Amino acid sequence: MAREPADVLIVGAGPSGGVVALRLAEAGFRVVCLEQGGWLDRADYPGDKLDWELKARKDWATSPNIRGLAADYPIVEDDTPVSPLMYNAVGGSTILFAGAWPRMLPSDFRVRTLDGIADDWPLDYFELLPYYYRTDRQFGVSGLPGDPAYPPDSEDAPMPPLPIGAAGMKVARAHTKLGWHWWPEFNSINSVPYDGRRPCVQRSTCQSGCNEGAKASADLTHWPKAIGLGAELITGARVRRLETDAKGLVTGATWLDADGNEHFQPASVTVLAANAIGTPRLLLLSTGPGHPDGLANSSGLVGKRLMMHPFANVAGLFEDQLMSWQGQFGDLIESLEFYETDEKRGFVRGARWGLAPTGGPINTALPSRAGEQAWGPEHHTHVRTHLGHGANWGLFAEDLPDEANHITLSSTVTDAWDIPAPEVHYAMADNARRMLDFHIERARESLEAAGAYKIEVDRLMRYSGWHLLGTARMGDDPASSVLDRWNRAHDVANLYVVDGSCFVTSSGVNPTSSIVALALRAADHMVETRFEQQVPS
Amino acid sequence: MNTVADPLATLDAVERTTFSAIADHLIPAAHGMPSAAEVVDDDRLRFVVSARPDLFEPLRAALRADLGDDVEARLDRLGRDEPAVLSSLQLIIVAGYYTDRGVRERIGYPGQMAIELRSWEVPPYIDEGLIDAVLARGATWRDPATGTRAIVADAPRTYAERFAAPADAPSAGSPDAAPTEGGT
């Protein structure tokens, strides 16, 4: 069943889709978005309920394979030590993300030039900076201006910083003694009432959905406004493939509703915002006579160069009761002390550290991710010494692009509508392993300087693939990139990709603030070039 | 997923006895705390299975008779052959125990509390001079133009200097307070 044509069709109602929808709706475009999940009611989020830690491990888990909800698709992950994480709903993965909102650094855009490895981006930090300011305002960011790890800003975060807690204070004092960088973390979490949303209450359940609406999720920050301006959002809409005409332009998307009925949504321009697993999956599914290896794939790079930020956790235990089950999750503070390359360390690039809360009693009592089990009489001692007594450094290692890390379409596993599942093939690089090993030791020193009497380390956490990046990279050369510098496919003049797939390198920071800034930049370009835009006849 | 209205009613007396023995083994009474068998009664078990119906079948599997009478041997065998079943069993016992009000009171855990922020107050790290110490070290970002640590002329070296400068900042509380976005 064909529908009324859209000026722009967006696939995916997460943060990048929301940013593009709002910008284009403001400019008067007729926008239609297809989202395979639905709307959520934050009253249903488990964070303010007694069964929070139980439900966070199943229906609210960050892994779609664990959730197995109707809106999800399975991911074949037998060939990866890191599981990709995401959420499928209006708001996308911002429903369950932590809300940490650091920017990439200037050197992140010039990795080839500075370190002789990987690639440079087709834009630099200063070109993206005005978009960071605008998306910071849209999402609502709390933070202390003036971090000397970044170039000076002409615009401050719209809200004052969130508190850093007793654990943050201990570590901040330690870094002052060590002469190491630290800074209160920038989070897309309200510290004061902002844009009709309430401030954070420090419940620390951000990764199970924010009951207060204080954390910026695109279902709150963007979609109501875009819909108010005329955008149409269709939920329960699972896109099977993009269709093309004889000229190779995308004519729209074939999709299935919740009952399995097939529809076709025609559009002049199509924008993919389905994350760096879902987007290449859809491009690979969209084969045709002129593109037998998938749409926009003349470079052969669709689905290649997957990056996920190998993640280690270093936990310090303190004698004091820190109540570290509370606080934004999000991060309390960050350190970029060892972020930039120093080749004497035996690797290039670096990692960002984020200090996070430590969870409730069920998380504390179960065998820890660092491998410790405590049963029998000492179980009680274990819980009493751990619950609220911890400070956790999460270490995000820059993941350099490698074509061997890629996704393919499974020949055996499908979703509920017989659409092939994505298959992830990923290995941690030696450079990243050496990097994490170095940073683990420095994080240990940090926590010991803060007074920790015991350190527990998880050297590579399996369920840490929050940051899905790189599977349809940007670049100026169509032979070595999928997208141009404006996120438009080199091969298909009316196809854009605005999610983390576009990343050239991963940086070592949480990527959502950069993904949405890039998406807004792409949307501005669509508006500015609308009269030159090729469209199907 | 079990669809029986009250799945616990389908556990027989032997299975319930086995459950209590395992619960006592994993979390015995000690250090002033009750055992899990004392705490995780039918109500607590029902609470857990109601929140997580997917856990009931692993629970039944963990309690089956062919695993023998020796609790430690049963847990060893589950850990070796059926780790997912063992993990589910541990989660059921731990969740039943730590969602009990009395246990929470004894460990000093009030739950995830809603705490009002006092964002108008100067943060203690500024009062202690911890931000000044970071600013005093100067810029640390790597300048792509030179490949070396950036030099920022006139960079503020204290928090007071940073905020003495006129800020081109929007007032807090609304994205509309910010400058108009570019384009149409």
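For the condition in contact (Cβ under 8 Å) with a residue 12 or more places away in the chain, in a strand (DSSP E or B) and surrounded by fewer than 18 Cβ atoms within 10 Å (Cβ to Cβ), A:Thr270 does not qualify.
Each row is one residue, and each column tells you yes or no for (1) free of Cβ contacts under 8 Å to residues at least 24 places away in the same chain; (2) among the acidic types (Asp, Glu); (3) farther than 29 Å from A:Pro292 by Cβ.
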| site | (1), (2), (3) |
| --- | --- |
| A:Gly209 | no, no, yes |
| A:Gly228 | yes, no, yes |
| A:Arg241 | no, no, no |
| A:His263 | no, no, no |
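Considering the range A:1-109, the qualifying helices (runs of 4 or more DSSP H), each wholly inside and each with 3 or more residues that are touching a residue at least 24 places away in the same chain (Cβ under 8 Å) and either away from chain B (no Cβ under 14 Å) or closer than 30 Å to B:Ala51 by Cβ (or both), run over A:15-26, A:52-55. Is it true that some residue in the range A:439-454 is touching a Leu at 6+ places or on another chain (Cβ under 7 Å), crowded, with 18+ Cβ neighbours inside 10 Å and under 30 Å from A:Ala71 (Cα atoms)? No, the conditions are met nowhere in the range A:439-454. Would you call A:Asp153 under 28 Å from B:Glu161 (Cβ atoms), modelled with pLDDT under 95 and outside any helix (DSSP H, G or I)? Criteria met by A:Asp153.
The rows are residues; the columns are (1) within 28 Å of A:Tyr132 (Cβ to Cβ); (2) in contact with a strand residue (DSSP E or B) (Cβ under 6 Å, 6 or more places away or on another chain).
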site	(1), (2)
A:Glu441	no, no
A:Asp477	yes, no
A:Leu483	yes, yes
A:Ser507	yes, no
A:Thr512	yes, no
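Listed by first and then second residue, the pairs linking a residue in the range A:340-363 that is more than 18 Å from A:Thr505 (Cα to Cα) to a residue that is among the hydroxyl-bearing types (Ser, Thr, Tyr), with Cβ atoms under 6 Å apart and 6 or more places separating them unless they lie on different chains, are A:Trp353/A:Ser335; A:Pro357/A:Ser204; A:Pro357/A:Ser324; A:Thr358/A:Ser324; A:Pro361/B:Tyr98; A:Pro361/B:Tyr109; A:Ile362/B:Tyr98.
Checking the range B:114-133 against the condition returns no match, with no residue being surrounded by 14 or more Cβ atoms within 10 Å (Cβ to Cβ), under 30 Å from A:Leu54 (Cα atoms) and charged (D, E, K, R). When A:Thr279 is tested against (1) surrounded by fewer than 24 Cβ atoms within 10 Å (Cβ to Cβ); (2) in a helix (DSSP H, G or I); (3) of a type in the set (Ser, Thr, Tyr), just one condition goes unmet, and that condition is (1).
Residue by residue through the range B:126-149, note down the ones that are part of a loop (DSSP other than H, G, I, E, B), small (Gly, Ala, Ser) and at the interface with another protein chain (Cβ under 7 Å from one of its Cβ atoms). B:Gly138, B:Ala139, B:Gly147 - these are the residues of the range B:126-149 that are part of a loop (DSSP other than H, G, I, E, B), small (Gly, Ala, Ser) and at the interface with another protein chain (Cβ under 7 Å from one of its Cβ atoms). For the range A:175-182, the criterion of being outside any loop (DSSP other than H, G, I, E, B), among the β-branched types (Val, Ile, Thr) and facing another protein chain (nearest Cβ under 7 Å) is met by at least one residue. Assess whether A:Ala56 counts as being over 21 Å from A:Gln138 (Cα atoms) and under 19 Å from the mean Cα position of the chain (by Cα). Considered against the rule, which asks whether it is over 21 Å from A:Gln138 (Cα atoms) and under 19 Å from the mean Cα position of the chain (by Cα), A:Ala56 comes out as yes. Please indicate, with yes or no, whether at least one residue in the range A:364-373 is surrounded by fewer than 16 Cβ atoms within 10 Å (Cβ to Cβ), polar (S, T, N, Q) and part of a loop (DSSP other than H, G, I, E, B). There is at least one residue in the range A:364-373 that is surrounded by fewer than 16 Cβ atoms within 10 Å (Cβ to Cβ), polar (S, T, N, Q) and part of a loop (DSSP other than H, G, I, E, B). Is it fair to say A:Ala157 is more than 7 Å from chain B (Cβ to nearest Cβ), under 27 Å from A:Trp52 (Cα atoms) and in contact (Cβ under 8 Å) with a residue 24 or more places away in the chain? No; evaluated as a whole, the condition is false for this residue. Taken over the range A:502-524, the criterion of being closer than 20 Å to A:Leu85 by Cβ, within 14 Å of chain B (Cβ to nearest Cβ) and not in a helix (DSSP H, G or I) is satisfied by A:Ser507, A:Gly508, A:Val509.
Would you confirm, using the coordinates I've provided, whether A:Asp524 is charged (D, E, K, R), in contact (Cβ under 8 Å) with a residue 40 or more places away in the chain and surrounded by fewer than 24 Cβ atoms within 10 Å (Cβ to Cβ)? Judged against the criteria, A:Asp524 is a match.
The values are calculated or read from the model by the stated rules, or taken from the named source; none is laboratory data. This one's a predicted model, so the numbers in the text were calculated from it and none came from an experiment. Virtual Cβ from ideal backbone geometry, glycine too; neighbours counted across all protein chains shown.
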